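Since the structure comes first, as structure tokens, the remarks are kept for the end.
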Amino acid sequence: CVLRQRQERTPLQRMLDQLLGLLEKKDPQQFFAWPVTDNIAPGYSSIITQPMDFSTMRQKIEDNQYDNLQEFIGDFKLMCTNAMKYNHAETIYYKASKKLLHAGTKIMQADKLGWVLNLIP
Ligand SMILES: COc1ccc(OC)c(-c2cc(C(C)=O)n3cccnc23)c1
């Protein structure tokens, strides 16, 4: 068998990994941990054209698909806005996504990112 060469992780990958861990902690019910399926959310795939969730974001980090922090933040916001589009305002999912978006934006604000950016040599 061909041993998969263990890819060296770039500083950006290590930084995004840290950020993802912080964001996932803001979703204790794990509503955003995995892709939303049509079985648990009727008609989801016809309403949400660009689904996103934390597991997909993690895979994209592993596959080095983020070229910068802005692309990562874009997927995080997409994940949250999808939930606000599909779910009505009074649902637990809408409320959880709004809370997650605020908490995540605060974590990723440039001024607060000093410590994370220091990880990049
Ligand atoms: C009730 O337990 C779970 C477990 C996993 C979920 O999504 C991965 C969800 C879930 C997550 C969502 C979202 C994020 O819109 N959702 C919408 C409607 C119905 N269920 C969900 C709920």
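Numbers at a glance
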{"item": "Under Karplus coefficients 6.51, -1.76 and 1.60, residue-wise ³J(HN,Hα) of region 35-42 in Hz, glycine/proline x", "result": "x, 6, 9, 5, 5, 7, 9, x"}
{"item": "Relative contact order of the chain, pairs being alpha-carbon contacts under 8 Å that are 6 or more residues apart, as %", "result": "29"}
{"item": "Two-site label geometry, LYS95 and SER55: point separation in nm, points 7 Å out along Cα→Cβ", "result": "2.6"}
{"item": "Karplus-derived 3J(HN,Hα), 6.51/-1.76/1.60, for each residue of region 81-97, Hz, glycine and proline x", "result": "6, 4, 5, 7, 7, 6, 8, 6, 4, 8, 7, 5, 6, 4, 5, 5, 6"}
{"item": "Gain in span if fully extended, GLU71 to GLN109, counting 0.36 nm per residue against the direct Cα distance", "result": "12.2 nm"}
{"item": "The chain, helix-only ellipticity at 222 nm - DSSP H runs n ≥ 4, -39,500 (n - 2.57), divided by all residues, nearest 500", "result": "-16500 deg cm²/dmol"}
{"item": "Pair THR81, GLU62: separation of 7 Å Cα→Cβ label points (nm)", "result": "2.8"}
{"item": "Nitroxide proxy distance, nm - points 7 Å out along Cα→Cβ at THR37 and LEU22", "result": "3.3"}
{"item": "FRET efficiency, ILE47 to GLU8 (Cβ-Cβ, R0 41 Å, nearest 0.05)", "result": "0.55"}
{"item": "Computed over region 21-90, the ratio Rg/Rh where both radii use C-alpha atoms and Rh is Kirkwood", "result": "0.97"}
{"item": "The chain: radius of gyration over Cα atoms, expressed as a fraction of 2.2 N^0.38 Å", "result": "1.15"}
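A short reminder: the numbers here are calculations on the coordinates, not readings from a lab. Keep in mind it's a predicted model, so treat the numbers as computed, not measured. Here the Cβ is made from the backbone with ideal geometry for all residues, glycine too, and neighbour counts use every protein chain on show.
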